[in-house]
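Below is one structure; the comments refer to it alone.
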Amino acid sequence: MNEAFQRETLSKVPEVTLAFWIIKIAATTLGETGGDSVTMTLNWGYLVGTAIFLGLLIVLVIAQILAKKFYPALYWATIVASTTFGTTMADFADRSLGIGYTGGSSLLFVCLVAILGLWYWSERSISVNTVNTPKIEAFYWAAITFSQTLGTALGDWTADTGGLGYEGGALVFAAGLAVIAALYFWSGVSRVLLFWAAFILTRPLGATVGDYLDKPRADGGLALSRPLASAVIAAFIILCLFVLPQRAGRHPQAPGATA
């Protein structure tokens with residue numbers, strides 16, 4: 001077994017491919033409908049919902065860090081937990097604490113920039129290709145969680161405060177992702193910067209699509225059953241894990257790895 005292969009198998013985050021983004025968008029949509037199922041359909045409230053999903057997220061992050069290699073099911077379960085926690089946490093801050101969508105989005109953006117700044121200051125890189133030690137994994141999952149929470153707040157801000165509604169908000173974020181894709185293929189913009197920009201924007205896209213599916217018709221939604229929508233999206237993600245290739249990402253030292 002050569003050194004490059006060993007380093008590839010040690011990575012515990014997936015290779016960033018089209019399959020990654022398909023599952024990521026589905027996971028963010030599930031986070032919205034799943035979070036709303038607990039806080040609204042079951043009527044447990046934002047505080048209880050946030051506590052439940054925070055506990056689940058902590059357990060899964062610990063399991064992810066302790067794992068010896070990349071397990072697709074564990075990784076994506078952790079992503080779903082982070083996006084569901086992001087949904088309930090953002091709703092709790094925006095609505096229960098009265099910060100509002102603008103204030104919540106601004107606060108979360110500052111928190112995300114601070115986490116990424118600390119990560120870069122510590123490791124001189126915020127590339128996901130460097131996620132190969134417990135310390136960097138901790139930075140990675142903190143950044144993931146804040147980006148998911150920020151995405152929820154941005155989606156709500158665009159749909160409500162921005163007055164675009166759920167469909168309009170989804171179109172805006174889809175257009176933003178199209179621009180990022182164009183920059184990826186036809187520009188020299190940092191791949192690390194583009195990754196984090198895309199990761200953040202997929203969350204409000206999923207949030208607005210999720211809201212469009214399960215919010216009342218009077219609010220511009222389709223009023224679909226939240227638990228049923230969540231079950232269908234979860235089944236789609238599971239199918240993707242079986243059908244779409246799931247490979248561990250490569251470390252920077254491996255031949256052919258990119259930032």
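Here, each number is a calculation from the coordinates, and none is a lab measurement. These numbers were taken from a predicted model, which means no experiment stands behind them. Every residue, glycine as well, gets a Cβ built from its backbone with ideal geometry; the counts of neighbours run over all protein chains shown.
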Enclosed volume per residue, in Å³, of the convex hull spanned by Cα atoms of the range 3-243 = 126
Integer Hz, Karplus 6.51/-1.76/1.60 couplings in order for the range 162-177, x for Gly and Pro | x, x, 8, x, 5, 5, x, x, 4, 5, 4, 6, 5, 5, x, 5
In deg cm²/dmol and to the nearest 500, what is the mean residue ellipticity at 222 nm of the chain if only DSSP H runs of at least 4 residues count, each as -39500 (n - 2.57), divided by the residue total?
-> -24000 deg cm²/dmol
For the chain, modelled as a Gaussian network with Cα springs under 10 Å, which listed residue fluctuates most, Glu32, Glu123, Glu137?
-> Glu123
Among Leu213, Ile233, Ala248, the residue whose Cα sits farthest towards the positive end of the charge dipole of the range 211-253 (+1 at Cβ of Lys and Arg, -1 at Cβ of Asp and Glu, taken about the Cα centre) is Ala248
Could you work out how far helix 45-66 tilts from the main Cα principal axis of the chain, as a 0 to 90 degree angle to the nearest 10?
-> 10
Return the distance in nm (one decimal) between the two label points of a simple spin-label model at Met40 and Glu123, each offset 7 Å from Cα along Cα→Cβ.
-> 3.6
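Using unit Cβ charges (K, R positive; D, E negative) and no other charged atoms, how large, in debye to the nearest 20, is the dipole of the chain about its Cα centre? Numbers along the way, then the final one.
Values: 15 positive and 15 negative charges, 146 e Å.
Here the size comes out at about 700 debye.
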The range 12-55 to the range 153-170: how many Å between their Cα centroids?
-> 18
